[in-house]
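Step one of this worksheet: look at the structure below.
Read-outs: derived from the displayed coordinates by stated rules, not from any lab. Just so it is clear, the structure is predicted and the values come from calculations on it, not from any experiment. All Cβ positions, even for glycine, are placed from backbone atoms using ideal geometry, and neighbour counts span all protein chains on display.
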Amino acid sequence: MRPPTSEPVIRVRGLARTFKTKTGAVQAVSGIDFDVRDGEIIGLLGPNGAGKTTTLRMIATLLTPTAGEATVAGADLRTQSRTVRSRIGYVPQGGSTSDYELVDDELILQARLFGLSKAEAVANTAELAKALEFDGLGRRKCSQLSGGQRRRVDIALGMVHRPFLIYLDEPTTGLDPQSRANLWEHIRRLRDEGTTVVLTTHYLEEADALCDRILVMDHGGIVAEGTPDELKRRISGDVISLEIDGDSAYLAMEIADRVLTVRHRLRTDGHENGHAGKALVHLTVDKGDEAVVPLLHALGDQGITPGALTVKRPSLDDVFLTLTGRSLREGNHS
């Protein structure tokens with residue numbers, strides 16, 4: 001059931017969460033603000049530990065905020081938590097299927113708990129089984145499914161009651177490429193039918209392909225917001241990336257500054273690509289193809305030969321590099 005007023009569908013102000021640990025308090029989310037509009041796919045993008053899942057669990061009423069307030073689906077997060085839960089679908093990262101239940105029985109029960117009739121529950125279950133490609137598995141126990149099949153059933157559990165607002169926490173983790181592409185198509189179809197989707201991901205390709213708008217998160221805060229194209233336009237020009245011996249990286253950056261007009265420069269450790277002792281130097285320039293030759297000549301004059309060189313248009317990872325000084329891909333391996 002949609003609330004009588006739904007603009008925005010989610011409104012968050014100053015939301016924060018601090019956890020107590022043996023070594024002291026840890027602020028997982030630090031006073032964030034954002035809105036989600038009706039009928040859009042919004043992505044929380046960031047490395048593991050950025051605060052994405054904690055944020056999603058708070059706006060799903062599964063974690064009580066330490067500070068801040070939010071309205072979700074027309075209901076106050078703190079005082080109307082049952083109303084919030086009745087209006088959303090939630091697919092957790094760790095899964096929610098029971099080992100010993102039959103697939104169809106679990107989905108039908110989930111739909112019935114949200115007030116659907118038996119006929120509606122059966123019809124929705126059959127439709128999702130076909131759309132998410134696990135039809136024919138309905139009389140199997142969840143423990144008998146493969147990891148990818150079980151993940152698709154997890155996703156169906158969050159959708160079977162047809163909520164107009166769905167939260168997906170790392171929805172495609174564990175899926176093979178074909179199943180991932182299929183789920184992307186299903187998520188787009190949900191949006192086209194008027195469903196609002198909030199998802200967390202650390203896959204750059206997923207955020208770029210799916211999201212109408214992205215909130216880039218790092219260390220519990222939102223460091224940037226916009227459409228994928230808007231975020232990439234924050235870095236004008238091309239990005240030249242060079243692999244260089246770590247000891248020569250800063251000299252290479254100084255040389256680049258002398259021979260080129262460099263808009264932005266950054267050094268990262270090469271271990272993210274499995275090259276110990278190497279560094280990656282990233283240079284943002286107006287025209288990358290034209291800059292390569294004079295750059296290589298100038299580096300060669302100083303005895304510096306890059307191990308590898310690429311020129312590309314800015315990506316979401318380049319945005320994250322510029323904002324945080326580290327690669328999003330690197331953050332996901334730490």
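For the reader, a short list of remarks on this structure follows.
- To the nearest ten degrees, helix 177-192 and the longest principal axis of the Cα atoms of the chain are 70 degrees apart.
- Of all DSSP beta bridges confined to the chain, the antiparallel ones make up roughly 70%.
- Of 114, 19, 134, the residue with the greatest mean-square motion in the GNM of the chain, using alpha carbon springs below 10 Å, is 19.
- Binning the C-alpha pair distances of the chain at 20 Å intervals from 0 yields a P(r) profile of 28, 49, 21, 2 %, listed from the shortest bin outward.
- Comparing mean-square fluctuations of 260, 190, 231 from a GNM of the chain with C-alpha springs under 10 Å, the top value falls on 260.
- Nearest-0.05 FRET efficiency for residue 293 and residue 140, computed from C-beta distance (R0 56 Å): 0.40
- For the chain, built as a Gaussian network whose Cα springs stay under 10 Å, the top-fluctuating residue of 228, 314, 294: 294
- Amide H partners (placed H, <5 Å) of residue 223, local residues excluded: 216, 217, 218
- Label-to-label distance, nm, for residues given as residue 286 and residue 48 (7 Å Cα→Cβ offset): 4.3 nm
- Taking each DSSP H run with n ≥ 4 as -39500 (n - 2.57) and averaging over every residue of the chain yields -10500 deg cm²/dmol at 222 nm.
- Anisotropy class of region 128-186 from Cα gyration tensor, a/c 1.5 cut: oblate
- Amide hydrogen proximity for residue 160: with H placed 1.01 Å from N in the peptide plane, no residue at 5 or more positions away or on another chain lies under 5 Å.
- For region 182-295, the Cβ-based charge dipole about the Cα centre amounts to some 220 debye (Lys, Arg positive; Asp, Glu negative; other atoms uncharged).
- About the Cα centre, charge dipole magnitude for region 164-248 (Lys/Arg +1, Asp/Glu -1 at Cβ), debye: 440 debye
- Shape of region 1-108 from the C-alpha gyration tensor: oblate (a/c of 1.5 or more and a/b not above b/c, with a ≥ b ≥ c the square roots of its eigenvalues).
- Cα gyration tensor, region 212-307 - rounded (a/c under 1.5), prolate or oblate: oblate
- Amide H to amide H, with H built 1.01 Å from N, residue 264 comes under 5 Å of 284, counting only residues 5 or more places away or on other chains.
- Relative contact order for the chain: 18 percent, from Cα pairs under 8 Å spaced at least 6 residues apart, divided by residue count.
- Centre separation in Å (Cα based) which lies between region 22-58 and region 73-96: 15 Å
- Checking the Cα-Cα distances for 22/52; 118/141; 20/278; 52/278; 130/232; 232/287 against a 27 Å cut-off, the pairs over it are 20/278; 52/278; 130/232.
- GluC sites (Glu not before Pro) lying in DSSP loop within region 124-212, provided at most 14 other Cβ fall within 10 Å: 193
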